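> One structure, pasted below without further comment.
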Amino acid sequence: MKKPPPLTNDCFALPQGTNWTPVDEALEHLKSASKCLVGKQQLCPVDAIGRVLATNIHAGSSSPPYLNSAVDGYAVNSRDLKKSDLISLVILPGRAAAGHPYSGKIKEGEALTIYTGAKMPIGADTVVIKEDTVSEKNKVKFYGPIKAGSNTRDLGEDVEENALILQKGKRVTPGDIALMVSTGVSSITVYSKLKVGIFSTGDEVINSGIKLADGQVFDSNRPLLLSLLVQWGFDVIDFGILRDNRKDIESTLEQTSKKVDVIITSGGASAGQEDYMSAILTQNDSLSVWRIAVKPGRPLILAVYNGKPVFGLPGNPVAAGTCAMVFAKPALNVFSGRNWLEPLSFELPANFAKSKKAGRREFLRARVRNGKVDIFKSEGSGRISGLSWAEGFVDLPEHELSITPGENVKFIPFSSYMD
Ligand code: AMP
Ligand code: MG
């Protein structure tokens, strides 16, 4: 199926004269600039885990598909159940079991042995639970009255045929698959997987598995981003590590832009002499260096290269990871056909004290223990151990703030960004 048209070069441009953009404003801008970038395909629901629905889904049939018993017991007619005294009914020969409907009819004064999931026989509308009865020869006895319809599951009581069951833009969960299958949906239209190309930049950055030479660091950003992107359900193409070399970066951007829907890079995003990402993207007139008032963060590049959006994340690993979750993830959702989603957050008491100045929104590495939020011992954006220690962020607003232990803070679990 045909792909939507690409983004225009200037789509990420911030208003003239913008200096430090507050996070919410940056997100608002990103939201309005983002759109679906992928085509569509047909799939079976069972193959659609993690995929994004490209249409609303309606039930092909009712669930349950017929009136059936919710328990083991006796199928009876409710006209026999009104007495508030001992009721005695004749047990019919035969039975109704799951997958084995009873072909006869139940008349007043009669009861049929029935098992959970069995289709209710004609003439019966209620089931008396086996444990509430005693049977003697061909008679079953129990105390009334019993409400008509008890212990049965009605045709379509969960979902009626043709009902809207799932909305366009939803990412398919295991529960959604069960729902579609149980309501007779056998083919659905989903968006094609978003293809994300990724590379790191930096003369000092090397692949793991080799001994570090003087002045080198292992590339931790690429493995971090790769695993995030895989968890997010995207197809990832890894373009490796690029030296701080204009020609290499330019030709890789050229190649990458032909193969993927989105490009994510880390490093070289500032305005320094060795920061070629920003230099190259400035040249094609699409660059927006987003000086977002966020910590950790520093400049984040948003640009368009050959019609493909480029996220140039900061090189510092904590900043790269934070910007990937806070800024890239919601936009990638929209690129892949989903809605713009706000991460789920909770107000929880702080188990720390902290003062912050006005100016920047801060995302501190944090986790919850015994109902209280702890923060990582250091805020340094190169402290990768904090990314592993943490299970979420404490999100502190731009304004000046002084937090004392026990005061509520906003906690965003990393799992909010994983869906
Ligand atoms: P840059 O944004 O290129 O100026 O890099 C900022 C800091 O992040 C420097 O200390 C880099 O060595 C470090 N850095 C850059 N890229 C990576 C990477 N892929 N993995 C780990 N650290 C990196
Ligand atoms: Mg660098």
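> Name the pairs: first residue in region 239-268 and hydroxyl-bearing (Ser, Thr, Tyr), second residue away from ligand 2 (no atom under 16 Å from the Cβ) and part of a loop (DSSP other than H, G, I, E, B), Cβ to Cβ under 6 Å, at least 6 apart or on different chains?
SER257/ASN306
> Right, here's the next one. Please determine, by comparing only the residues of region 244-284 that are basic (Lys, Arg) and either modelled with pLDDT under 95 or buried (at least 21 other Cβ atoms within 10 Å of the Cβ) (or both), which one is nearest to ligand 2 (Cβ to nearest atom).
Here the residue is ARG246.
> Follow-up. Can you tell me which of GLY315, GLY382, GLY359 is outside the structural domain of GLU204 (by TED's automatic domain parsing), within 16 Å of ligand 2 (Cβ to nearest atom) and within 17 Å of VAL294 (Cα to Cα)?
GLY382
> Pick out the one residue from ILE210, ILE146, ILE177 that is without any contact (Cβ under 8 Å) to a residue 60 or more places away in the chain and either surrounded by fewer than 13 Cβ atoms within 10 Å (Cβ to Cβ) or not in a strand (DSSP E or B) (or both).
ILE210
> Under the condition of being within 20 Å of the chain's Cα centre (by Cα) and aliphatic (A, V, I, L, M), which residue from region 391-419 is nearest to THR21 (Cα to Cα)?
That would be ILE412.
> Of everything in region 223-238 that's assigned to a helix (DSSP H, G or I) and touching a residue at least 24 places away in the same chain (Cβ under 8 Å), which residue is nearest to the chain's Cα centre (by Cα)?
GLN231
> Under 6 Å by Cβ, and 6 or more places apart or on different chains, what pairs join a residue from region 49-66 that is assigned to a strand (DSSP E or B) with one that is among the charged types (D, E, K, R)?
Correct list of pairs: VAL52/ARG171; VAL52/ARG338; LEU53/LYS168; LEU53/LYS170; SER63/ASP158.
> Quick one: how many residues across region 108-130 are free of Cβ contacts under 8 Å to residues at least 40 places away in the same chain and among the acidic types (Asp, Glu)?
The total comes to 2.
> Exactly one of these conditions fails for PHE376: (1) touching a strand residue (DSSP E or B) at 6+ places or on another chain (Cβ under 6 Å); (2) free of Cβ contacts under 8 Å to residues at least 40 places away in the same chain; (3) within 26 Å of VAL38 (Cα to Cα). Give me its number.
(3)
> I'd like the full set of residues that are aliphatic (A, V, I, L, M), within 13 Å of ILE114 (Cβ to Cβ) and surrounded by fewer than 19 Cβ atoms within 10 Å (Cβ to Cβ), limited to region 78-98.
ILE91, ALA97, ALA98
> State yes or no: is SER220 under 26 Å from the mean Cα position of the chain (by Cα), within 16 Å of ligand 2 (Cβ to nearest atom) and closer than 14 Å to PRO317 by Cα?
Judged against the criteria, SER220 is a match.
> At least 2 residues that are within 16 Å of ligand 1 (Cβ to nearest atom) and modelled with pLDDT of 95 or more in each: list the helices (runs of 4 or more DSSP H) lying fully within region 314-419 that qualify.
317-323, 384-389
> Under the condition of being small (Gly, Ala, Ser) and surrounded by 16 or more Cβ atoms within 10 Å (Cβ to Cβ), which residue from region 18-59 is nearest to LYS2 (Cα to Cα)?
ALA54
> Suppose we filter region 192-207 for residues that are out of contact with any Ser or Thr (no Cβ under 8 Å at 6 or more places or on another chain), more than 12 Å from ligand 2 (Cβ to nearest atom) and either part of a strand (DSSP E or B) or small (Gly, Ala, Ser) (or both); how many remain?
Total meeting the criteria: 4.
> Go through ASN56, ASN68 for me and flag whichever is touching a Lys or Arg at 6+ places or on another chain (Cβ under 6 Å) and more than 23 Å from GLY123 (Cβ to Cβ).
Being touching a Lys or Arg at 6+ places or on another chain (Cβ under 6 Å) and more than 23 Å from GLY123 (Cβ to Cβ) holds for just one of ASN56, ASN68, which is ASN56.
So that you can scan it fast, the table gives a plain yes or no per residue for (1) over 13 Å from LEU332 (Cα atoms); (2) assigned by TED's automatic domain parsing to the domain that holds VAL52; (3) among the polar types (S, T, N, Q):
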residue: GLY202; (1), (2), (3): yes, no, no
residue: LEU212; (1), (2), (3): yes, no, no
residue: GLN216; (1), (2), (3): yes, no, yes
residue: GLY233; (1), (2), (3): no, no, no
residue: ILE237; (1), (2), (3): yes, no, no
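> Would you mind telling me which numbered condition in (1) at pLDDT 95 or above; (2) exposed (fewer than 13 other Cβ atoms within 10 Å of the Cβ) SER62 fails?
(2)
> Can you pull out the residues in region 285-298 that are part of a loop (DSSP other than H, G, I, E, B), at pLDDT 85 or above and away from ligand 2 (no atom under 16 Å from the Cβ)? So that I can check it myself, show each step before the final result.
Filtering region 285-298 down to residues part of a loop (DSSP other than H, G, I, E, B) leaves 285-287, 291, 293, 296-298.
Filter again for at pLDDT 85 or above, leaving 293, 296.
If the condition is that a residue be part of a loop (DSSP other than H, G, I, E, B), at pLDDT 85 or above and away from ligand 2 (no atom under 16 Å from the Cβ), then ALA293 is the only one that fits.
> Closer than 30 Å to GLY39 by Cα and away from ligand 2 (no atom under 16 Å from the Cβ): which single residue out of ASN408, ASN351, ASN370, ASN333 fits that description?
Selected residue: ASN333, the only one of ASN408, ASN351, ASN370, ASN333 that is closer than 30 Å to GLY39 by Cα and away from ligand 2 (no atom under 16 Å from the Cβ).
The values are calculated or read from the model by the stated rules, or taken from the named source; none is laboratory data. All values derive from a computational prediction rather than experimental measurement. FYI the Cβ positions are ideal-geometry reconstructions off the backbone, even for glycines, and counts take in every protein chain you see.
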